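Structure, as C-alpha cells:
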Amino acid sequence: MAQENKGERIQKTLKDLPLTPSSRVLDVGSGPGALAIPIARQVDHVTAVEPSEGMCSVLEEMNGEEEIGNIDVVQKRWEDTSVAEDLSPPYDIVFASYSLDVPDIRDAIRKLEEASSRYVYIYWFAGETSWDAMSRELWPLLHGSSFIPSPKCDIIYNVLYSMAIYPNIEVFPFRHINRFADLAEAVNHFGSRCFVETDEQREILRQYLSSHARTDGDTVIVPGHSTRVKMWWERADSPI
C-alpha cells in the first residue's frame, strides 16, 4: 500500500519548523522517522520518542544506514516518559505531529513545555476526517456499537487556553490517496485498523470497500481527506 501526498505533508512540516544547524529537537510520536531522519540532517541533535518496537527498529535501522549519528530513540509512550530521566532537555523545538492521542492531554502538553526551552508545535485534526466517516458507518456493522472518534483540535485549544497558553493557529486541508494492488490488500490494510477478526467482519469490510473504492488502471484507490491544524507557540520565558 502506498499513501500518495505523504511527502507533501512531510515537506510542509520541515518548512514550518524553525530549524537551524545548532537546533536540538524533540519529536514526540516519531513513528519510523519520516520527520526525525530529515530533521537530523539539518540540526545538531534529535530525540525521537516512539512506543512501537517495530517503528523504533525501522528508525534505528535507517539511522544506521544513513550514518547520521545524532538521533536518540526512546521507546516509550509519551505519557510514560519522564522528561528529566528519559530525555536530554532542554530542546529548542519540541513537536508532536498527529501523535497526541493520549488519555491526559493537559499532562502531555505540560511535558512538552517542560522539555522545551523555546518553541512547541502540535499538529492535529479539525472536524470529521475520512477515517472518522468510514468508521462511523462501519463500527455498528462490525462491532455493534457506535464509533467514538478521537478528540479534535478544539479540545487541545481549550486545554491550552486553561493553561494560559494562547497558540498561533494555521488550518489547512489535506487530501491523499491510499493506493493498493487489489481489493484484498485494501481489506488487509483497513482490517487491522478496524479490529476485524472474523470472516463475517472481513466480508462486511470487503463489501464496504468494494462500494467505496475506485479502480485506477490496475490498482485500487481509496481517497482520504481531513482538515489539519498546526498550533504553535513560543514559551513566555524563552530567551529572545
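At-a-glance table
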| item | result |
| --- | --- |
| Selection count where residues are open to solvent by less than 60 Å² (accessible area, probe 1.4 Å), of a type outside the set (D, E, K, R), outside any helix (DSSP H, G or I) and under 25 Å from Lys15 (Cα atoms), scope the range 90-110 | 9 |
| Failed condition for Pro38, given (1) of a type outside the set (Val, Ile, Thr); (2) out of contact with any His (no Cβ under 9 Å at 6 or more places or on another chain); (3) open to solvent by 40 Å² or more (accessible area, probe 1.4 Å) | (3) |
| Ala115 of a type outside the set (Phe, Trp, Tyr), touching a helix residue (DSSP H, G or I) at 6+ places or on another chain (Cβ under 6 Å) and open to solvent by less than 20 Å² (accessible area, probe 1.4 Å) | yes |
| Breaking point among (1) farther than 16 Å from Leu142 by Cα; (2) in a loop (DSSP other than H, G, I, E, B), for Pro223 | (2) |
| Count of residues meeting criterion [closer than 30 Å to Asp237 by Cβ, hydrophobic (A, V, I, L, M, F, W, C) and not in a helix (DSSP H, G or I)] in the range 37-89 | 8 |
| Any hit, the range 182-199, residues being open to solvent by 20 Å² or more (accessible area, probe 1.4 Å), in contact with a Ser or Thr (Cβ under 7 Å, 6 or more places away or on another chain) and in a helix (DSSP H, G or I) | yes |
| Contacts under 7 angstrom Cβ, first residue in the range 33-53 being closer than 20 Å to Leu112 by Cβ and polar (S, T, N, Q), partner open to solvent by 40 Å² or more (accessible area, probe 1.4 Å) and in a loop (DSSP other than H, G, I, E, B), 6 or more apart | Thr47/Ser88 |
| Test for Ser82: is it in contact (Cβ under 8 Å) with a residue 24 or more places away in the chain and open to solvent by less than 40 Å² (accessible area, probe 1.4 Å) | no |
| Answer from Ser130, Ser135 - the residue that is within 27 Å of Gly191 (Cβ to Cβ) and open to solvent by 10 Å² or more (accessible area, probe 1.4 Å) | Ser130 |
| Test set (1) within 23 Å of Ser135 (Cβ to Cβ); (2) modelled with pLDDT of 95 or more; (3) open to solvent by 20 Å² or more (accessible area, probe 1.4 Å) - Glu170 fails condition number | (1) |
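The values are calculated or read from the model by the stated rules, or taken from the named source; none is laboratory data. None of the values given here were measured: they were computed from a predicted structure. All Cβ positions, even for glycine, are placed from backbone atoms using ideal geometry, and neighbour counts span all protein chains on display. Side chains are part of the model used for accessible areas, which takes the heavy atoms of the whole protein and leaves out ligands, DNA and RNA. Shrake-Rupley method; radii C 1.70, N 1.55, O 1.52, S 1.80 Å.
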